[in-house]
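The values are calculated or read from the model by the stated rules, or taken from the named source; none is laboratory data. As the structure is a computational prediction, the values presented were derived from the model and not from experiment. Note that each Cβ is placed from the backbone with ideal geometry, even for glycine, and that neighbours are counted across all protein chains shown.
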Amino acid sequence: MSKVSVITVNFNDKKGLSKTLESVTNQTYKDFEFIVIDGGSNDGSKELIEQYQDKITHWVSEKDNGVFNAMNKGIKIATGDFVIFMNGGDCFYNNSVLEDTIPDFTSEYDIYYGDNYKESNGSKRLKTYPEKLSFSFFYNSSINHQSTFIRKTLFDDYFYYNENYKIASDWEFFIYAICYKNVSYKYLKRTIAIYDFTGISSNPKFRDLYNEEKKITFQKYFPAFMEDYKEVEVLNSKRFLQFQHIKNFTVPWKLLKAFISLLLLFLPKTPNK
């Protein structure tokens, strides 16, 4: 049976941290390592951690250089065979997640991932994942670290989270490990976590930054796919999605096609690919 390190990073989110600490420490399975990395919070988070310190294996409250720097600190401290991140505001789906999951771990797989609920403004939406994680899957999506157990040696063998990124560092790690290094993985077919979907990575205002960081990763590890990535960007643009939406309505779709046909009469012919 493999030892697991649960890592929580937090900065000035006492309310979210309280939920996370309660969830982790209430797990019915107790043979795991619990690490809390706080970024020097001044909202009472440190005092809250101190209240739980008898249930925490290691904790620190000090200034860091962002969430991925804090996550890397936790990885370097961890002694478990696998790590999972349950950051401030996130929690396990129920109190028996570790008890129900860890006994299934073997040396055969390096990444185990499951489903999660995305929680935002009082509502929850279940996010499920495919059993096969293809390159095309990572074009537009990713698995979540809140519901993924990662063999710690992968970080030692490849790289730790990219601290130059603000959002896409965990996505970069997953696409590199799975699509570039072809590491073994297994879908757990169960819900692992409730993910606090109010952070920077879920904020539409930062979508452009997220896409820019992804472009850098594609250029670095998958340069042959850059042109494909640009085409996928177009297919996922707001205007194209609106175009696809119109196709669901017969009359507007016919009117749009007629307008496009008319417009094309005044434009040079489309070059053949």
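Worth a mention:
- Any pair with Cβ under 9 angstrom, 6 or more apart, that starts in the range 15-38 at a residue that is touching a residue at least 24 places away in the same chain (Cβ under 8 Å) and more than 21 Å from A78 (Cβ to Cβ) and ends at one that is among the charged types (D, E, K, R) and buried (at least 23 other Cβ atoms within 10 Å of the Cβ): G16/D90; K19/D90
- The requirement of being in a helix (DSSP H, G or I), within 17 Å of V83 (Cβ to Cβ), in contact (Cβ under 8 Å) with a residue 40 or more places away in the chain and not small (G, A, S) is fulfilled somewhere in the range 177-189, by at least one residue.
- Counting the residues of the range 81-111 that are over 27 Å from K181 (Cβ atoms), of a type outside the set (S, T, N, Q) and part of a loop (DSSP other than H, G, I, E, B) gives 3.
- Within the range 155-177, restricting attention to residues that are of a type outside the set (F, W, Y) and touching a Phe, Trp or Tyr at 6+ places or on another chain (Cβ under 6 Å), the residue that is surrounded by the most Cβ atoms within 10 Å (Cβ to Cβ) is S169.
- For the range 134-168, the set of residues classified as more than 9 Å from the chain's Cα centre (by Cα), part of a helix (DSSP H, G or I) and under 17 Å from V67 (Cβ atoms) consists of F155 only.
- Output for the range 41-66, where each listed residue is polar (S, T, N, Q), in contact with a helix residue (DSSP H, G or I) (Cβ under 6 Å, 6 or more places away or on another chain) and in a helix (DSSP H, G or I): S45
- Residues within the range 85-123 that are surrounded by fewer than 20 Cβ atoms within 10 Å (Cβ to Cβ) and among the small types (G, A, S), tallied: 5
- Note on the range 49-80: among residues that are under 16 Å from S18 (Cα atoms) and out of contact with any strand residue (DSSP E or B) (no Cβ under 9 Å at 6 or more places or on another chain), the one that is surrounded by the most Cβ atoms within 10 Å (Cβ to Cβ) is Q51.
- If the condition is being within 17 Å of G89 (Cα to Cα), assigned to a loop (DSSP other than H, G, I, E, B) and not small (G, A, S), then the range 112-133 contributes only N121.
- Odd one out for N248 among (1) in a loop (DSSP other than H, G, I, E, B); (2) modelled with pLDDT under 80: (2)
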